[in-house]
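So the structure is just underneath, and the comments pick up after that.
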Amino acid sequence: MQNLQQILEKLKASNPSLDPTNKKNSEIKPVVFKCDECQDKGWLTSTVPIWHENFGDLIVCPSCKKSAHNPEIIQKRIEYSNLEAMSHLTFENIQSKGNLEGKDNVEKFREALKVSKKYSKNPSGWLTIQGPNGSGKTYLAAAIGNQCIQNGDSVLFMFLPDLLDRFRSVFQNPETFLYDDLLDQIRNYPVLILDGISKTSNSTWASEKILQILNHRNIKNLPTVITTSENISNLDPYLQSRLKSNNTNQLINTGNLKNTYFLQNNNFGQIPKSFKNFSFENFKVSGAQGSAAPQSVVSNLTGSLKTAKEFVSEPKDTWLCFWSDNTTGVGKTHLAVAIGNELLKQDLEVLFFRTPDMIDYLRKSNDPRNQLDGDSIFEEIKQSQVLILDDLGSGVITDWGKEKLFQLIAYRHDHRLTTIITSRKNIPLEVTNQNNATASRIADPSIGICIEITAPNYRQYNG
């Protein structure tokens, strides 16, 4: 089997365009190896029959292990790793708050940094780094690679489009054995970092190559670092199953992903324009009756407003439900939207739905005639950073709709995702008398508060 560096050198010789440093009259220098035993790979493969249980297993080169911290060996590993241009990206140089603003983004990046440092000391299994573009995913991946090299590990860092270009070039090369050698080298590299995995830019052929590599590495449990700016649920189903497995993979986030589908649809999922002026400042604690409002109403609305303001200061992992017993126009939606408008100012992603409209849209998105990806849309709603469900429980909901609503509420309850709900249903009574599993999670005091608003209908008084 040829060394990966030899394969790449042959590719550059046969196709100079693959070498960004190539000049017209430059010469390809022969590769000189420091270690004749492994040809500077840092590892050897077991020489056993194909049916043997250890076939394909990697063995650390004993000669290289003795000189793992030799500066010349480290420099050679850096050159082979594709990290030479990123050798300055280390944990020592990184800013612990990350690149994105907002308290939640900073906390996510600090946790991602902590996990990445730990992984680099003893790489095992898979690590997936997920986050929006510019959030520091590649920096963390490169820092992991550079640290592993300093620890004596052999690392290969590949930007996915570059890797696929090399596969295509090798596949078209007359020396067809190069293709098998390159694929085998990458599948078995001691530490592999794949930067920029995406579904949208991959052809069927490209997806097949990626899955061949990752399936092999999953079976052998080889250290693998993956970065992606996409929601895991948008990737190939097989890859999803690997990345969502707590047994083989750690998933960390460098920041909050945008709700891509709902950002492209300007109306649905966004706070309505007529609600944009709803704020704490213009919420009237005297309700519809003004100065004639009884003290009980003023006290109730004042307490509701105070709770809403407190929620904004610490929205993480908490729920808030405003309910009224079969009455409308009492201020529930005003307070919920005022919270949403304040959280938008904190650079948080907020989705707003009237619950019956959301259920109808989910039903339509699952109809193949509408050419909508119902599963992806539902996943975005389930995983949204902040979700406002207005008028929950109103209208006629089919059994299918009830099941979808339960799935949504149960998921956000289990994962402690910030959720604000308004309802004309007596939520505590629904739990007690109806044994309603959805209402039970909404009323769970361990994650949130349910507040009854007892004021009269504001619209009725100000018709």
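Coordinate-derived values only; no laboratory data. Bear in mind the structure is a predicted one, so any value in this text is a computation, not a measurement. Cβ coordinates were reconstructed from backbone atoms using ideal geometry, including for glycine residues, and neighbour counts include every protein chain displayed.
Among residues other than Ser423 whose Cβ falls under 12 Å from its Cβ, what is the net charge (Lys/Arg +1, Asp/Glu -1)?
Spelling it out: positives minus negatives among the neighbours equals -1.
In the neighborhood of Ala336, defined by Cβ-to-Cβ distances under 14 Å, what is the net charge if each Lys or Arg adds +1 and each Asp or Glu adds -1?
+2
For Ile449 paired with Asp325, estimate the spin-label separation in nm (one decimal), with each label point 7 Å from Cα along the Cα-to-Cβ line.
The two pseudo-label positions are separated by 2.1 nm.
Using alpha carbon centroids, what distance separates region 84-131 and region 153-172, in Å?
So the two Cα centres are separated by 24 Å.
At 0.36 nm per residue, and after removing the present C-alpha to C-alpha distance, how many nm does the segment from Lys402 to Ala85 gain when stretched out fully?
Once the chain is fully extended between Lys402 and Ala85, it gains 108.7 nm.
Could you compute the net charge surrounding Ile232? Neighbours are other residues with a C-beta less than 14 Å from the C-beta of Ile232; K and R count +1, D and E count -1.
Result for the neighbourhood of Ile232: 0.
Provide the per-residue ³J(HN,Hα) series for region 125-135, in order, calculated from phi with Karplus coefficients 6.51, -1.76, 1.60 and θ = phi - 60°, each as a whole number of Hz, with x at glycine and proline positions.
Each residue's phi maps through the Karplus curve to give x, 10, 10, 10, 10, 10, x, x, 4, x, 8 Hz.
Using amide H atoms built 1.01 Å from N in the peptide plane, name the residues 5+ places from Ile388, or on other chains, whose amide H lies under 5 Å from its own.
Under 5 Å from the amide H of Ile388 lie the amide H atoms of Leu351, Phe352, Phe353, Ile420, each far enough along the sequence or on another chain.
Quote the FRET efficiency, to the nearest 0.05, computed for Ser296 versus Arg424 with a Förster distance R0 of 30 Å and r equal to the Cβ-Cβ distance.
Taking R0 as 30 Å, the efficiency between Ser296 and Arg424 is 0.90.
Using a 7 Å offset from the Cα along the Cα-to-Cβ direction at both Glu208 and Asn122, what is the distance between the two label points in nm, to one decimal?
4.0 nm
Distance from the Cα centre of region 206-250 to that of region 398-439, in angstrom?
Each part's Cα centre sits 33 Å from the other's.
If you build the convex hull over the alpha carbons only and average its shadow over all orientations, what do you get for region 388-431? Give it in nm² to one decimal.
For region 388-431, averaging the hull's shadow over all directions gives 3.4 nm².
Is any residue of region 378-410 close enough, with backbone N under 15 Å, to a label point placed 7 angstrom from the Cα of Ala437 along the Cα-Cβ axis, and if so, which?
Within reach of a label on Ala437, which here means backbone N under 15 Å from a point 7 Å along Cα→Cβ, region 378-410 contributes 399-410.
Treating only the Cβ atoms of Lys and Arg (+1) and Asp and Glu (-1) as charged, compute the dipole magnitude of region 339-432 about its Cα centre; round to the nearest 20 debye.
240 debye
Mind giving me the nanometre distance, one decimal, between the label points for Lys284 and Asp180, set 7 Å out from Cα along Cα→Cβ?
Here the answer is 8.2 nm between the modelled labels.
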